[in-house]
Amino acid sequence: MNPTVARLTLRGLLGRRRGILLLVVPALLLLVSAIASGTEGSEHTLATRILGQLDLGTLVPILGLVVGTGVIATEIDDGSIVYLLAKPLPRWRIVTTKLAVAIGTTWVLAGIPTLLCGLLLIGREDGIALGYTVAALASGAAYSALFLLLGVVTRHAVVAGLGYALIWEALIGNYVSGARTLSIQQWGRAVAETVSGADLSAEVSVGVAATLLLTVTVAAAVLASVKLAGLTLAAEE
Amino acid sequence: MATITIDKVSRWFGNVVAVNDISMTIGPGITGLLGPNGAGKSTLIHMMSGFLAPSSGAVTLDGAQIWRNQEVYRQIGLVPERESMYDYLTGWEFVLANAELHGLPHPGAAARRALDLVEMAYAKDRRTGTYSKGMKQRVKMASALVHDPAVLLLDEPFNGMDPRQRIQLMELLRRFGADGRTVLFSSHILEEVEQLARHIEVMVAGRHAASGDFRRIRRLMTDRPHRYLVRSSDDRRLAAALIADGSTSGIELDAREQALRIQAVNFQGFTTLLPRVARDAGIRLYTVSPADESLESVFSYLVSA
C-alpha cells in the first residue's frame, strides 16, 4: 500500500460525478427494499429476488464496474497516470493500492446496503441477510479486480465490463448452464448459500466458487501489475 | 552529469515507422529536439522517458536501460505534453504528492522549494483545474523538479503559452542548463529552439536529419545555397567582381536596402572570396550579414531535402 496513491485514487473516485453515481446504486437498492418490505407475500421469496437478482445480479457488478475502472482507467485515459508511473515505485504497489481502494469502496457501498436491505426484508431469518452480505463482499472484490484489470488492458474497459456483466452473466448465463460456472455472480450465490444455509439455487459448489473468486482477484491484480509495468503511452503526433 | 544515449533506435506502429534508426547522445546543457508535427519527436521522448519500448535499438541513461526500469525516475524529471494533472488537487497538493511518491525524506520542504523555483507559490492553494496553461506548465515543471533530477525531459513545453510565460519558462530552463542538468525539450516552433538551445537535434519524418550547433548544421551542408546581405563602399563594382567567381550563383542590387543580396553556392568558397575580392578592388565592406540565418531557413531546407 502506498498512502499517497491511495489518497489520490480515493479523491479521484469519490469526487466528480462518479461519486454521485456510486451513491445512487445503494440508494436504489434501499429504496426498492423499503417499498418491497411493505408488500404482502413470502418474505423469503422477496428477499432472495431482490438480494439475489437485483443486488448480487445487477447492482454489485455495476458498482464493481464503476469503481474498478474508476480507480485506474480514467487516469490512463487522460494521461495523468504518468505522474504515478514516472516514479521509482514498483508497479505492483500501485496496482495493489488501487485495488485495495476499489475493494474497500465496493465493500462499503455494496456490503452495508446489502446487510441493511436483508434485515429490512427478512430480518435475521435463515441467515439470508448475512449470506448475501458476505456474497456481495466476495463478489465485489472479484469484480473490482477484474474491472481494474480491464481498465489497464483496454481503453474500452466500461464497454468490455458491461459486456461481461450484462451479456455473459445476465443473458448467456440465463440460457447456457455452462456459462454459469464461469460467472462471478454464481460464485457469489454459492457463498451466500453456504453462509446462510438456505437453498439459493447456486450452480457451483462453494469450494469451487471460493477458489475461483480468489484466483480471479489475485490473477487480475498480478496481470494488471505486469501490464502496468509495460504501459505504453501512445505518441500523439 | 547524466547522459541519455539513443543507439540505433527505431519504433514502428504496425506498418508506420515513427522513428527510423536514430542514434544520438543527449548530455548536460540544453538540447532542443526540433521537427515538424509528426516527425517522431514525441515518440522519441516517450522512449527516453520509459513510456514506450523501442522496436529495435536501445535507449539508456548512463548505461542503464530506461524501458521497464523505474529506478531511472530518481534521475529523470518528466514534463509531459498532456495537460491532465489531477485537476481536483491544488498546486500544493499536486507537487507534494509527487514529492511523496518519490519517497523523499522531507516532501513538504521539497514541494515548497520546487514551487518557489517556478514562482508558483502565490497560487499553490488554487485547484490546478483553474490554472491557465502557463501556470499548469510551471506546476508540471515543479512536479518534475521536486526530486532535483539530473535530467529534465519536456515535450512541447511552450505549446499554448503566451509570450511572457514563454520567456519565464525559457529563463528557468536556461538556469537548469547552466546548473549542469541535462535538459531536452521538443518543439516544432523554430524561434523557441533558436532562443533557448544552441545544440539541436533535428528530426524529419522519423529520421535524424541533423545534430549540433544550429549554425554549424547549416554550414555542414555545403551544397546548400546561402544568402547574404552585403553593404559596401561600391556595391555595383563588388557585385561585378563577385559574379565572376563560381562561388556565387546570383546577386541582386536591393535599392531600398541599399545593399547587395548575394546567393552563394559554396559557403566556404564565398567566405574566403568576399574579403579577398573587396581588398583587391579597394572596396570597404560595411555590412556582411547572413540573410537566412534563422532556424526557419535551415529547417525548411532540411524538410525539403
Inset, instruction - Scan the stretch B:181-202 and give yes if some residue there is more than 23 Å from B:ALA39 (Cα to Cα) and in contact (Cβ under 8 Å) with a residue 12 or more places away in the chain, otherwise no. - result: yes
Legend entry - the stretch A:180-209: number of residues that are among the small types (Gly, Ala, Ser), farther than 30 Å from A:THR74 by Cα and either within 14 Å of chain B (Cβ to nearest Cβ) or in a helix (DSSP H, G or I) (or both): 5
Inset, instruction - Could you grab me the full set of residues in the stretch A:69-89 that are within 29 Å of B:ASP148 (Cβ to Cβ) and assigned to a helix (DSSP H, G or I)? - result: A:GLU75, A:ILE76, A:ASP78, A:VAL82, A:TYR83, A:LEU84, A:LEU85
Legend entry - Count - residues of the stretch B:173-216 that are outside any strand (DSSP E or B), charged (D, E, K, R), crowded, with 19+ Cβ neighbours inside 10 Å and within 12 Å of the chain's Cα centre (by Cα): 2
Inset, instruction - Determine which single condition B:SER23 fails, assuming it passes every other condition in (1) within 14 Å of chain A (Cβ to nearest Cβ); (2) closer than 21 Å to B:GLN65 by Cβ. - result: (1)
Inset, instruction - Could you please give the count of residues in the stretch A:210-237 that are within 14 Å of chain B (Cβ to nearest Cβ) and of a type outside the set (A, V, I, L, M)? - result: 6
Legend entry - Subset of the stretch B:268-295 that is closer than 13 Å to B:HIS226 by Cβ, surrounded by fewer than 18 Cβ atoms within 10 Å (Cβ to Cβ) and hydrophobic (A, V, I, L, M, F, W, C) - its residue that is modelled with the highest pLDDT: B:VAL288
Legend entry - Pick from the stretch B:1-20, criterion assigned to a strand (DSSP E or B) and either under 14 Å from the mean Cα position of the chain (by Cα) or in contact (Cβ under 8 Å) with a residue 60 or more places away in the chain (or both), ranking: nearest to the other protein chains (Cβ to nearest Cβ): B:ALA18
Inset, instruction - State all residues of the stretch A:113-137 that are surrounded by fewer than 24 Cβ atoms within 10 Å (Cβ to Cβ) and under 13 Å from the mean Cα position of the chain (by Cα); if no residue qualifies, say none. - result: A:VAL134, A:LEU137
Legend entry - Total residues in the stretch A:72-91, condition under 16 Å from B:GLY103 (Cβ atoms) and either more than 9 Å from every other protein chain (Cβ to nearest Cβ) or buried (at least 18 other Cβ atoms within 10 Å of the Cβ) (or both): 7
Inset, instruction - Within the stretch A:166-189, track down each residue that is among the hydrophobic types (A, V, I, L, M, F, W, C) and more than 20 Å from A:LEU63 (Cβ to Cβ). - result: A:ILE172, A:VAL176, A:ALA179, A:LEU182
Legend entry - Condition met for A:ARG49 (within 14 Å of another protein chain (Cβ to nearest Cβ) and of a type in the set (Lys, Arg)): no
Legend entry - Within the stretch B:27-45, tally of residues that are of a type in the set (Lys, Arg) and more than 9 Å from chain A (Cβ to nearest Cβ): 0
Inset, instruction - Answer with yes or no whether B:ARG68 is within 7 Å of chain A (Cβ to nearest Cβ) and within 26 Å of the chain's Cα centre (by Cα). - result: no
Legend entry - Search result, residues across the stretch A:147-205 that are surrounded by 15 or more Cβ atoms within 10 Å (Cβ to Cβ), among the acidic types (Asp, Glu) and more than 16 Å from the chain's Cα centre (by Cα): A:GLU193, A:GLU203
Legend entry - Meets criteria (within 30 Å of A:SER80 (Cα to Cα), in contact (Cβ under 8 Å) with a residue 12 or more places away in the chain, surrounded by 16 or more Cβ atoms within 10 Å (Cβ to Cβ) and of a type in the set (Ser, Thr, Tyr)) for A:THR48: no
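Residue by residue, here is whether (1) more than 14 Å from chain B (Cβ to nearest Cβ); (2) buried (at least 18 other Cβ atoms within 10 Å of the Cβ); (3) assigned to a helix (DSSP H, G or I) holds:
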{"site": "A:ARG17", "(1), (2), (3)": "no, no, yes"}
{"site": "A:VAL25", "(1), (2), (3)": "yes, yes, yes"}
{"site": "A:ALA34", "(1), (2), (3)": "yes, no, yes"}
{"site": "A:GLU40", "(1), (2), (3)": "yes, no, no"}
{"site": "A:GLN53", "(1), (2), (3)": "yes, no, yes"}
{"site": "A:GLY64", "(1), (2), (3)": "yes, yes, yes"}
{"site": "A:VAL67", "(1), (2), (3)": "yes, yes, yes"}
Legend entry - Index of the failed condition, A:PRO113 passing every other in (1) away from chain B (no Cβ under 14 Å); (2) in a loop (DSSP other than H, G, I, E, B): (2)
Legend entry - Selection status of A:LYS98, surrounded by 20 or more Cβ atoms within 10 Å (Cβ to Cβ) and touching a His at 6+ places or on another chain (Cβ under 9 Å): no
Legend entry - Count of residues meeting criterion [closer than 19 Å to A:PRO90 by Cβ and polar (S, T, N, Q)] in the stretch B:72-116: 2
Inset, instruction - Could you please let me know if A:TRP107 is part of a helix (DSSP H, G or I), surrounded by fewer than 23 Cβ atoms within 10 Å (Cβ to Cβ), more than 14 Å from chain B (Cβ to nearest Cβ) and aromatic (Phe, Trp, Tyr)? - result: yes
Inset, instruction - Being more than 11 Å from chain A (Cβ to nearest Cβ), under 20 Å from B:ASP148 (Cα atoms) and of a type in the set (Gly, Ala, Ser) narrows it down to one of B:GLY91, B:GLY57, B:GLY103, so name that one. - result: B:GLY91
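The values are calculated or read from the model by the stated rules, or taken from the named source; none is laboratory data. Computed from a prediction, not measured in an experiment: that's the story for all the values here. Methodologically, a virtual Cβ is constructed for each residue, glycine included, from the backbone with ideal geometry; neighbour enumeration extends over all protein chains shown.
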